[in-house]
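The values are calculated or read from the model by the stated rules, or taken from the named source; none is laboratory data. Keep in mind that what you see is a predicted model, and the values were worked out from it rather than measured. Backbone-built Cβ (ideal geometry, glycine too); neighbour counts: all protein chains shown. With ligands, DNA and RNA removed, areas are computed over all heavy atoms of the protein, side chains included. Shrake-Rupley method; radii C 1.70, N 1.55, O 1.52, S 1.80 Å.
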Amino acid sequence: MDTDLTVAYDRCRELHRRHGRTYYLATRLLPAWKRRHVHALYGFTRYADEIVDRTDDLPPAERAVRLDDWAGRFMAGLHGERVDDPLLPAVLHTIAVFDLDRDDFALFLKSMAMDLTVTSYPTYAHLLDYMEGSAAAIGTMMLPVLESSDSVAAREPARQLGFAFQLTNFIRDVAEDLDRGRTYLPDEDLTRFGVTRHELAEARARGSATPAIRALIAYEVARAQAHYAAAAPGITLLAPASQACIRTAYSLYGGILDEVAAQDYDVFARRAVVPQRRRLSVAARALLAPTGTPVVVPGPAAT
């Protein structure tokens, strides 16, 4: 591997280590040769997210120009042009090694562009349309790297796992997203529970949720748990060397929902995190579990 490519993979790994602690821990359970490819895919998604969300001092139009410029370099690289970028060589190399579906990357970039102009979603169907690129596509682009005994059967569970993970992030990060002027809780759900965006902002400022907001969050947690249940059968279809990694990620992300429930669904009181001791225990159990061991679906969906 040439020096530029090694540096690009290192850059992706550092982004993953710094920003994706839960998944980074899980990735440590993969064979060494696979890890760099997972880091590359994470680096791709994270860097695009940083263009959108970590440049808040810039107007949306300028952020859109930056995203378009970076996406243009990426597309040029897909067509064989040499790209001058700190991490894209690793991403392009991973795509070539596994012949990943280019459409997944186009869908992802489309969703990132939506974040520059869309601040709320009227219905869950509208949110799902966004998550096709921001979540489901990531599940399917990861699948060839993880390998599967039946890639056709594993595809839909991989999509569902993407939905589950992203909904978990949305639930945990309601306060943070409000600070960016966005809500990923569908408007129809707010209406169902008699909650307004103004009341969410008040709860953010106060540091505590009302009973109506807690009921809303409980509803969203149950929705996320349904996606975890739909994703569960796919894990035993993965290559034996990949199962511990995804079993760990599944349990740790699901554990965030458990933490939300434990604080009575008040996502404004504190940011829900899985304690370090539990994180290490989950990883150890996943590593020792025999191949084919089914996962435990988080929450009531397991019963």
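Numbers below:
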read-out: The chain - percent relative contact order, Cα under 8 Å, separation 6 or more; value: 19 percent
read-out: Exposure ranking of 126, 227, 93 by accessible area [1.4 Å probe, largest first]; value: 126, 93, 227
read-out: Rounded if a/c under 1.5, otherwise prolate or oblate - region 74-170, Cα gyration tensor axes; value: oblate
read-out: Alpha-carbon centroid distance for the pair region 282-300 / region 179-204, whole angstrom; value: 34 Å
read-out: Separation of alpha-carbon centers, region 152-170 and region 76-91, rounded to whole Å; value: 28 Å
read-out: Probe 1.4 Å, protein heavy atoms only - accessible area per residue of the chain in square angstrom; value: 44 Å²
read-out: Residue-averaged [θ]222 nm for the chain, counting only DSSP H segments that reach four residues, each worth -39500 (n - 2.57); value: -22500 deg cm²/dmol
read-out: For residue 182, solvent-accessible area (1.4 Å; no DNA, RNA or ligand), Å²; value: 10 Å²
read-out: ³J(HN,Hα), Karplus 6.51/-1.76/1.60, whole Hz, each residue of region 106-117, x for Gly, Pro; value: 5, 4, 4, 5, 4, 5, 4, 5, 4, 5, 7, 10
read-out: Amide H within-cut-off set for residue 269, under 5 Å, with H built and near neighbours excluded; value: 209
read-out: In order through region 158-175: 3J(HN,Hα) via Karplus (6.51 cos²θ - 1.76 cosθ + 1.60), integer Hz, x for Gly, Pro; value: 5, 4, 5, 5, x, 4, 4, 4, 5, 4, 4, 4, 4, 5, 5, 9, 3, 5
read-out: Residue-level accessible surface for residue 253, protein heavy atoms, 1.4 Å, Å²; value: 30 Å²
read-out: ³J(HN,Hα) computed for each position of region 39-53 - Karplus, 6.51 cos²θ - 1.76 cosθ + 1.60, integer Hz, glycine/proline x; value: 4, 5, 5, 5, x, 4, 5, 5, 5, 4, 4, 5, 4, 6, 10
read-out: Which of 141, 75 is most accessible, then next, and so on - probe 1.4 Å; value: 75, 141
read-out: Accessible surface ranking that places the most exposed of 183, 123, 196, 191 first, with a 1.4 angstrom probe; value: 191, 196, 123, 183
read-out: Contact order relative to length of region 1-69, as percent, for alpha carbon pairs under 8 angstrom and 6 or more apart; value: 31 percent
read-out: Simple spin-label estimate for residue 5 and residue 110 in nanometres, 7 Å along Cα-Cβ; value: 3.1 nm
read-out: Amide proton proximity set for residue 148, modelled H, under 5 Å, gap of 5+; value: 239
